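Below: one structure, written as C-alpha cells.
The values are calculated or read from the model by the stated rules, or taken from the named source; none is laboratory data. No experiment lies behind these values; they were computed from the predicted model shown. Backbone-built Cβ (ideal geometry, glycine too); neighbour counts: all protein chains shown.
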Amino acid sequence: MMAKHSPIGLFDSGVGGLTVANALHNILPSEQLVYFGDTAHLPYGDKSKEAIVEYSLGITDFLLAQKCKVILIACNTASANAYEEVRAHVGARAVVMNVIDPVVNQVCAEENGTRTIGIIGTKATIDSGTYEKKILEITPRLQVSSLATPLFVPMIEEGFVFDDISNAIIRSYLSRRELVGIESLILGCTHYPIIRNQISRFFDFNVNVLDTAQIVALAVQKFLSENDMLSGQPAGDNLFFVSDHTPYFEVIANMFFNEKIHLEKNNIWK
Ligand code: DGL
C-alpha cells in the first residue's frame, strides 16, 4: 500500500471527470490529484466493454506508476464496464473506487423502499444495467428506470449548456416516458453536473437531482479518513494529463474545474 501523502489518481474518457476532481479538490485541498483524461479515445459511451476495459487497464498502469494510493474511476462508463477488471488488476497495490457505488449507497440509504429513481447516462452505462443491478441488490423495492441520453456529452462539450439548443435537447430527453413520475434522478455521467440546474428546472425543482460529483468526493473523504489515509501535509501541485491535446480541451477544461489548469499531453498508448 502507498504512503498517506501519495496522490489520488483519477481518470475519465476526457474532461468530464474534472467535475469529480473539482469536488475532491474543494473537499480535500491537502490531497494531490493526478488526473488522466483519455481524450485520444473519447467518447467511451459508444465503445464496447472490451475496449473500455482495455483502456481502463492501460490508464490504471499509468496511475500506479505515479504511485497513487487511490485509483478513482471518475467515469461512469468505465465504472459500469471495467471496475471489477481494474480492481482485480490492481490487487493490493492501491485502493480502487468508482463513481457508481457511492451514489447507489446514498440513494439506498435515503429512500424508504417505495420511491422511483431515474438514471441517465451514456449508452454503455445504461446498457450495462450496472446502476439498476446494484440498487436493486440493496433495496429491491425501489423502482428504477433508466434512459441513455447520448447527446448530452457532445452538447456540453460544444458549450451548449444554457440556451435554446440545450433546453430543447434536455426537454426532448427528459420528457420520455422512462422518466415520468420519478422522484430522484441520478446523473450517471460525469459531464452532467454541468447541466444539473437546467435539469432541475425542467422538473420544476420537484425531482431530487443528485449532485453525483459531490457524493463521490464525500465518499472518498470518508474512506480516507476511516482508513487513516488522509495526506495530512500540504499537497504537491495537481497534475492533469490527456492522451491527446488540443487547445480546445484546455478551454473546456475550465468549464469543469473551477481553477485554471494546464493539461499536459502524455500519450500512454504509444
Ligand atoms: N464522462 C463519461 C461518463 O461519466 C462519458 C463520456 C464519454 O462517453 O466518453 O460516463
(request) Confirm whether LEU147 is touching a Lys or Arg at 6+ places or on another chain (Cβ under 9 Å) and either away from the ligand (no atom under 16 Å from the Cβ) or at pLDDT 95 or above (or both). (result) yes
(request) Take the stretch 2-48 and flag every residue that is in a loop (DSSP other than H, G, I, E, B) and either of a type in the set (Gly, Ala, Ser) or without any contact (Cβ under 8 Å) to a residue 24 or more places away in the chain (or both). (result) ALA3, SER6, SER13, GLY14, GLY16, GLY17, SER30, ALA40, GLY45, SER48
(request) Go through (1) surrounded by fewer than 22 Cβ atoms within 10 Å (Cβ to Cβ); (2) away from the ligand (no atom under 12 Å from the Cβ); (3) more than 15 Å from the chain's Cα centre (by Cα) one by one and return the number of the condition PRO102 breaks. (result) (3)
(request) Would you check if PHE162 is among the aromatic types (Phe, Trp, Tyr), more than 12 Å from the ligand (Cβ to nearest atom), within 30 Å of HIS5 (Cα to Cα) and surrounded by fewer than 19 Cβ atoms within 10 Å (Cβ to Cβ)? (result) no
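Return the total of residues in the stretch 49-85 being assigned to a helix (DSSP H, G or I), of a type in the set (Val, Ile, Thr) and away from the ligand (no atom under 15 Å from the Cβ).
1
Let's see how each residue does on (1) among the small types (Gly, Ala, Ser); (2) more than 30 Å from ASN254 (Cα to Cα):
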residue: GLU110; (1), (2): no, yes
residue: ILE120; (1), (2): no, no
residue: LYS123; (1), (2): no, no
residue: SER128; (1), (2): yes, yes
residue: LYS133; (1), (2): no, yes
residue: THR139; (1), (2): no, yes
residue: VAL144; (1), (2): no, yes
residue: LEU151; (1), (2): no, no
residue: MET155; (1), (2): no, no
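Can you find, within the stretch 126-144, the residue that is nearest to the ligand (Cβ to nearest atom) among those that are surrounded by fewer than 17 Cβ atoms within 10 Å (Cβ to Cβ) and without any contact (Cβ under 8 Å) to a residue 24 or more places away in the chain? Break it down into steps so the answer makes sense when it comes.
Of all residues in the stretch 126-144, those surrounded by fewer than 17 Cβ atoms within 10 Å (Cβ to Cβ) come to 127, 129, 133, 136-138, 140-141, 143.
Within this subset, residues satisfying the condition of being without any contact (Cβ under 8 Å) to a residue 24 or more places away in the chain are 127, 129, 133, 136-137, 140.
Values: ASP127: 12, GLY129: 15, LYS133: 17, LEU136: 21, GLU137: 21, PRO140: 26 Å.
Ranking the candidates gives ASP127 first.
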(request) Residue by residue through the stretch 165-198, note down the ones that are within 16 Å of the ligand (Cβ to nearest atom) and farther than 23 Å from VAL104 by Cα. (result) ILE169
(request) Run PRO154 past the list (1) surrounded by 18 or more Cβ atoms within 10 Å (Cβ to Cβ); (2) within 12 Å of the ligand (Cβ to nearest atom); (3) at pLDDT below 95 and report the number of the one that doesn't hold. (result) (1)
(message) Restricting to the stretch 105-125, and then to whatever is crowded, with 24+ Cβ neighbours inside 10 Å and away from the ligand (no atom under 14 Å from the Cβ), can you tell me which residue is nearest to SER48 (Cα to Cα)?
(response) GLY118
(message) What pairs come out if I take residues in the stretch 55-82 that are under 29 Å from LEU147 (Cα atoms) and pair them with residues that are basic (Lys, Arg) and modelled with pLDDT of 95 or more whose C-beta lies under 7 Å away, six or more apart or interchain?
(response) ASN81/LYS49
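Evaluate the stretch 126-141: report whether one residue or more is under 14 Å from ASN208 (Cα atoms) and at pLDDT 95 or above.
Within the stretch 126-141, not a single residue is under 14 Å from ASN208 (Cα atoms) and at pLDDT 95 or above.
I'd like to check something: does the stretch 92-99 contain any residue that is within 12 Å of the ligand (Cβ to nearest atom), modelled with pLDDT of 95 or more, closer than 19 Å to SER13 by Cα and buried (at least 18 other Cβ atoms within 10 Å of the Cβ)? Lay out the reasoning, then the answer.
Filtering the stretch 92-99 down to residues within 12 Å of the ligand (Cβ to nearest atom) leaves 98-99.
Within this subset, residues satisfying the condition of being modelled with pLDDT of 95 or more are 98-99.
Of the ones still in play, those that are also closer than 19 Å to SER13 by Cα are 98-99.
Filter again for buried (at least 18 other Cβ atoms within 10 Å of the Cβ), leaving 98-99.
Yes, that holds for at least one residue.
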(message) Quick check on the stretch 176-195. Is at least one of its residues under 21 Å from the mean Cα position of the chain (by Cα) and without any contact (Cβ under 8 Å) to a residue 40 or more places away in the chain?
(response) no
(message) Within the stretch 1-22, take every residue that is surrounded by fewer than 24 Cβ atoms within 10 Å (Cβ to Cβ) and among the small types (Gly, Ala, Ser) and give me the one that is farthest from ASN267 (Cα to Cα).
(response) ALA3
